[in-house]
Amino acid sequence: MSMKLNRELPLPADLKAEYPLSPSLQEKKARRDQEIRDIFTGKSEKFVVIVGPCSADREDSVLEYVHRLAKINEKVKDKLLLIPRVYTNKPRTTGEGYKGMLHQPSPDKAPDLLGGIIAIRRMHIRVMEECGLTAADEMLYPENRSYLDDVLSYEAIGARSVENQQHRLTASGMDIPVGMKNPTSGDLAVMLNSIQAAQSSHSFIYRGNDATTTGNPLAHAILRGGVDKYGTCVPNYHYEDLTRLLELYGARELQNPAVIVDANHSNSDKKYKEQVRIVSEVLHSRNYNPALKGLIKGVMVESYLEEGSQPIDGNLVYGKSITDPCLGWDDTERLLYFIAERV
């Protein structure tokens, strides 16, 4: 037999009972969810900034980062809504490499999925308890999101998952904004098809159940750049790309047209310092064209305590990415105040 079943994992309901959200945290999340919902439905003009490490690799440094972010949030909350990136599972193009805390609670140790689902739930709850912010994560495995669906305020579906039927159908049953990235090819039609699917009602099998969804009107686009057939990165954050997306949205009967611009990945060719310039250009385009101001709801930035990235070895630098390179904290702080001045 080519698949070995190591152990039976707890049901999401059982894990939630063991690590529950207090009534006060449930109320806090409901308020945050409504505030975010109002932005995507056009009731609020606040600008969303989804910011944080490429991967949440250890609880202590992630919590320190979000504590710092929460202090800035208090100063800019009239203009911005900051959503910390607490990404606990990472797609790997070839299957090799660190797959996130869900797989490896300690990045230098062997996979431990039971320890992983406990670690990521506890970390998300600590973010809420200690910092007052609710976070974003990536929906890499649709059935695993049931372990976190009561703590997340935003989810993203990545470039390699956006064409997958189960991701699209699961997104149609979510009650929070879900961002659908353009695929690695950069094809906007694929992304818009995914949004349309997520905004529609479906019946399908989910965790052994016959499930029916009502559709998610908050499903929207994330532009993250693409890669052509020669392996060259092709950005899609420029003014022409944004106006083209606006036209494509107009040709479809989709609810709440919206886009988040991912300033890293193929938009920056992973040159992490470029994120500052890219965000500046997006803000300029948004302020130049009133129609784009209504479409562009925010940006996504990869940032950690220390800039750059590092290999996983015995001398890990605290607060430095072990996956994609990130902006350091000082640049991030300056960027957030810069955004608040210009939205």
Unit charges at the beta carbon, dipole of the chain: most positive-side option, Gly328, Ala258, Met101:
Ala258
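What's the FRET efficiency of Lys43 with Phe338 using the Cβ-Cβ distance as r and R₀ = 22 Å, to the nearest 0.05?
Values: r = 26 Å, r/R0 = 1.16.
The pair Lys43/Phe338 has a calculated efficiency of 0.30.
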Name the long-range amide H neighbours of Ile83: under 5 Å, sequence gap of 5 or more, or other chain; modelled H, no Pro or chain starts.
Val49, Ile50, Val51
Quick one: if you stick a label point 7 Å off each Cα along the C-beta vector at Gln26 and Thr214, how many nm between them?
1.8 nm
Asp137: net charge of surrounding residues, Cβ under 13 Å, Lys/Arg +1, Asp/Glu -1, itself excluded?
0
Quick one: net charge of Ile296's neighbours, Cβ under 15 Å, K/R +1, D/E -1?
+2
Rounded to the nearest 20 Debye, what is the dipole magnitude of region 1-146 about its Cα centre when Lys and Arg each give +1 and Asp and Glu each give -1 at the C-beta?
260 debye
Rounded, prolate or oblate (a/c below 1.5 giving rounded, otherwise prolate when a/b exceeds b/c) for the chain by Cα gyration tensor:
rounded
For the chain, with a Gaussian network of springs between Cα atoms less than 10 Å apart, report the residue from Gly52, Gly319, Gly115 with the top mean-square fluctuation.
Gly115
Chymotrypsin sites (Phe, Trp or Tyr not before Pro) restricted to region 190-246 and DSSP loop, no more than 14 other C-beta within 10 Å:
Tyr230
Qualifying lysines (Cα of each under 17 Å from Cα of Lys181; at least 8 residues distant if same chain)
Lys90, Lys270, Lys297
What helices does the chain have that are whole DSSP H segments, at least 24 Å long along their own axis by Cα, and with mean Kyte-Doolittle hydropathy of 1.6 or more?
none
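More than 26 Å apart: what percent of Cα pairs in region 183-299 qualify? Mind showing how you got there, number by number?
On the way: 1802 of 6786 pairs.
Summing the P(r) tail past 26 Å for region 183-299 gives 27 percent.
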Value of Rg to Rh for region 7-57 (Rh from inverse mean 1/r over Cα pairs, i.e. Kirkwood):
1.13
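Where a number appears in this text, it was derived from the coordinates with a stated rule and is not lab data. The model shown is predicted, which means the values in this text are computed figures rather than measured ones. Note: ideal-geometry Cβ built from the backbone for every residue, glycine included; neighbour counts use all protein chains shown.
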